[in-house]
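Scroll down for the structure; my scribbles are underneath it.
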Amino acid sequence: MSVASSDIIICPMTAAELPQIIAIERLSYPLPWSEQHFLDELSSRVALPLVALDAEGAVLGYICAMQVLDEGHILNVAVAPEARGKGIGRLLCERVLADCRAADAAFVSLEVRVSNHSAIELYQRIGFVECGRRKRYYENGEDAIMMEFIY
Ligand SMILES: CC(C)(COP(=O)(O)OP(=O)(O)OC[C@H]1O[C@@H](n2cnc3c(N)ncnc32)[C@H](O)[C@@H]1OP(=O)(O)O)[C@@H](O)C(=O)NCCC(=O)NCCS
């Protein structure tokens, strides 16, 4: 089932949403970002943190990205477990791709665990391609796949 984008609002992240974001973060990753990590994103000049909200203002997902010169980079994207598979991850990533393009990025890069099949599928479906691997990049010794989207 897909959610019409008119049912979802994508807007800049605010500190008021952090309790919901941190709850989703903890359900999404074995080593979740801390509240301070998100606060740093909110205060960074180069960060582009966004949330996906439902019609009542509840957080369904979020994305943290940054842009330096002509390179955009996706640092974190997660969707609440009960809201997955409805197109929200795609909406968030496509919004970052549009924002980076509007800010003259030449490409957007990211790293993803080799075992994270749902994220790899999402990135491939929106046009990211593998451009390398980082050996033992993660704390458990897992490799990272490096991917990029070139405009
Ligand atoms: C990865 C994640 C953000 C995907 O969000 P989502 O809202 O469920 O993804 P979408 O519904 O937008 O799916 C986008 C595309 O990816 C594909 N996809 C998503 N999850 C998939 C899965 N589990 N298996 C196969 N394909 C999948 C969909 O088929 C869809 O393709 P389509 O748009 O062409 O139909 C979500 O699973 C999540 O939060 N995971 C935990 C956090 C995480 O691992 N983040 C990525 C870190 S690099």
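Quick note: the coordinates plus some simple rules give every number you see, no bench work behind them. Remember, predicted model here, so these are calculated numbers, not experimental data. Glycine also receives a Cβ, built like all others from the backbone with ideal geometry; neighbour counts cover every protein chain displayed.
Listed values, structure above:
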read-out: Exposure proxy ranking, count of Cβ atoms within 10 Å, fewest first, for His117, His73; value: His117, His73
read-out: Residues Val59, Val129, Val114, sorted so that the one with the fewest Cβ neighbours within 10 Å comes first; value: Val129, Val114, Val59
read-out: Nonlocal amide H pairs with Gly127, under 5 Å, H built at 1.01 Å; value: none
read-out: Check: the chain dipole with +1 on Lys, Arg Cβ and -1 on Asp, Glu Cβ, in debye; value: 340
read-out: Estimated dipole of the range 56-100 in Debye, rounded to 20 [Cβ of Lys and Arg +1, of Asp and Glu -1, Cα centre]; value: 200
read-out: Derived scalar couplings ³J(HN,Hα) [the range 62-77; Karplus, 6.51 cos²θ - 1.76 cosθ + 1.60; whole Hz; x for Gly, Pro]; value: 7, 9, 10, 9, 9, 9, 10, 6, 9, 10, x, 9, 8, 9, 7, 9
read-out: Summed side-chain charge close to Pro12 - residues other than Pro12 whose Cβ falls under 13 Å, Lys, Arg +1, Asp, Glu -1; value: -2
read-out: Cα shape, the range 48-140, gyration tensor, a/c 1.5 rule; value: oblate
read-out: Karplus-derived HN-Hα couplings along the range 137-151 (A = 6.51, B = -1.76, C = 1.60, θ = phi - 60°), whole Hz, x at Gly and Pro; value: 6, 9, 4, 8, x, 6, 6, 9, 8, 8, 10, 9, 10, 9, 6
read-out: Difference of contour (0.36 nm per residue) and Cα-Cα distance, Glu56 to Gln124; value: 21.4 nm
read-out: Under 5 Å, built H, 5+ apart or other chain: amide partners of Gly72; value: Ala106, Phe107, Val108, Ser109
